[in-house]
Amino acid sequence: RPVATARERVRRTHGIPPDAVVFLYLGRINRDKGLLDLAQAFAEVGSRHPDAHLLLVGPDEGNLRAALTSAAADSAARLHNAGLTDRPQDYFAAADACCLPSYREGFPTTLLEAAAAGLPAIGSRIYGITDAIVEGETGLLFEAGDVRQLALGMRTLAGDASLRRRMGQRAKERAVRDFSSAVVTAALLEYYEQLLARRAD
């Protein structure tokens with residue numbers, strides 16, 4: 001549940017204006033997550049939307065900080081590295097959209113957490129992410145590795161606050177309806193019961 005005080009505090013800490021559009025990546029910082037693509041896309045988005053900021057949260061496992069700054073080009077001053085956190089909810093509160101440009105994923109819990117916080121998402125069209133984002137409804141998808149498509153999606157959300165709100169609301173409704181702990185636990189128990197019933201036969 002996003003908290004206004006957390007939104008203000010995180011933005012103030014990173015020098016992000018209250019009215020800026022903040023794209024968030026939260027997870028491990030490495031090449032497989034498509035972060036160099038994200039930084040390159042942000043370079044284009046930032047040139048067209050001077051109010052856009054990119055906030056990266058997570059451990060820099062790939063030692064990519066310098067490469068990401070370089071890829072962001074003239075928008076590098078609005079790329080913020082927060083490092084590891086034990087308060088991801090504060091960063092969801094501070095953001096306006098969540099990005100996951102991975103080349104490979106399992107099932108991305110981060111996108112569900114973002115959805116629960118009312119954030120629309122932009123993700124690569126790969127296994128796992130396509131289960132977490134309903135294209136055109138809770139977020140936008142692009143072909144993995146396609147920087148131009150990623151930038152287009154980011155520009156679309158950066159320039160349309162009502163679309164961000166609408167997708168964020170639908171994402172939240174879906175997360176609560178389909179992925180609450182009660183729903184997931186019930187489904188897991190039902191699966192175990194089916195397995196046990198088959199074994200008994």
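Between Gln89 and Ala200, take the C-beta separation as r, use R0 = 45 Å, and let me know the FRET efficiency to the nearest 0.05.
On the way: r = 43 Å, r/R0 = 0.95.
Between Gln89 and Ala200 the formula returns 0.55.
Just report the Cα centroid separation between the stretch 7-73 and the stretch 128-143, whole Å.
If you average the Cα positions of each part, the centres end up 20 Å apart.
Scan the chain and note any complete DSSP helix (H) whose C-alpha atoms cover at least 24 Å along its axis and whose Kyte-Doolittle average is 0.0 or more.
Working: long enough: 161-179 (26 Å, -1.29); 181-200 (28 Å, 0.45).
Qualifying helices, which must be both long enough and hydrophobic enough, are 181-200.
What is the Cα coordinate range of the stretch 32-96 on the first, second and third principal axes, sorted by size from largest, in whole angstrom?
Result, largest extent first: 32, 26, 18 Å.
Which is farthest toward the positive dipole end of the chain among Ala39, Thr109, Ala158, measuring Cα position about the Cα centre, with Cβ charges +1 (Lys, Arg) and -1 (Asp, Glu)?
Positive-most Cα among the choices belongs to Ala158.
How many nm separate the modelled label positions at Glu193 and Ala73, each set 7 Å beyond the Cα in the direction of the Cβ?
According to this spin-label approximation, the distance is 5.7 nm.
So if I place +1 on the C-beta of Lys and Arg and -1 on the C-beta of Asp and Glu, and nothing else carries charge, what would the dipole magnitude of the chain be about its Cα centre? I want it in debye, nearest 20. Walk me through the intermediate numbers first.
Working: 25 positive and 25 negative charges, 79 e Å.
Here the chain has a charge dipole of around 380 debye.
Could you give the length gained on full extension between Val183 and Asp131, defined as 0.36 nm per residue of separation minus the Cα-Cα distance, in nm? Walk me through the intermediate numbers first.
Working: separation 52, 0.36 × 52 = 18.72 nm, distance 1.60 nm.
Length gained between Val183 and Asp131: 17.1 nm.
What's the long-distance tail for the stretch 86-146, i.e. % of Cα pairs beyond 12 Å? List each step's numbers first, then the result.
Values: 1123 of 1830 pairs.
It works out to 61 percent of all Cα pairs.
Can you divide the C-alpha Rg of the chain by 2.2 N^0.38 Å and report the result to two decimal places? All intermediate terms of the calculation are to be shown ahead of the outcome.
Numbers: Rg = 17.5 Å, N = 201, 2.2 N^0.38 = 16.5 Å.
My calculation over the Cα atoms of the chain gives 1.06.
Evaluate the Kirkwood expression for the hydrodynamic radius of the stretch 106-200, namely the inverse of the mean inverse distance over all pairs of different C-alpha atoms, and round to one decimal in Å. Please list the in-between numbers first.
Working: mean 1/r = 0.0691 Å⁻¹.
The Cα-based Kirkwood calculation yields 14.5 Å.
Any read-out appearing in this document is the output of simple, stated calculations on the displayed coordinates, not a laboratory observation. The structure displayed is predicted, hence computed values, not measured ones. Neighbour counts are summed over all protein chains in view; Cβ atoms, including those assigned to glycine, are modelled from backbone coordinates with ideal geometry.
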